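The values are calculated or read from the model by the stated rules, or taken from the named source; none is laboratory data. Predicted, not measured: the structure shown is a model, and the values here were computed from it. All Cβ positions, even for glycine, are placed from backbone atoms using ideal geometry, and neighbour counts span all protein chains on display.
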Amino acid sequence: MNQKELSFEEASKKLDKIIEKLENGDLSLDESVKLFEEAKELVAICQKHFMLAKGKLSVIRDGFEDVLKEFD
């Protein structure tokens, strides 16, 4: 799958749709494998966005803690 850079929300929605299709059980083995591979890529995209957000929040938290130290 050659995805454009999806946002977390876009990737998450696509992943939800894939999960619904897989849970229905109406797919052939080949279709299921293809969707599973696509889901794996979407999970990686979501994880990347999550890790970037986590890093940004750490920087913000550290900066906030530095500001608070000035008031001690």
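Miscellaneous remarks
- Screening GLU70 on (1) surrounded by 10 or more Cβ atoms within 10 Å (Cβ to Cβ); (2) at pLDDT below 95 shows it passes everything except condition (1).
- Residues that are under 16 Å from the mean Cα position of the chain (by Cα) and either exposed (fewer than 13 other Cβ atoms within 10 Å of the Cβ) or more than 15 Å from LEU6 (Cβ to Cβ) (or both) within segment 41-66 comprise ALA44, GLN47, PHE50, MET51, LEU52, ALA53, LYS54, GLY55, LYS56, listed in sequence order.
- Residue in segment 27-38 that is in a helix (DSSP H, G or I), of a type in the set (Ser, Thr, Tyr) and free of Cβ contacts under 8 Å to residues at least 40 places away in the same chain present: yes
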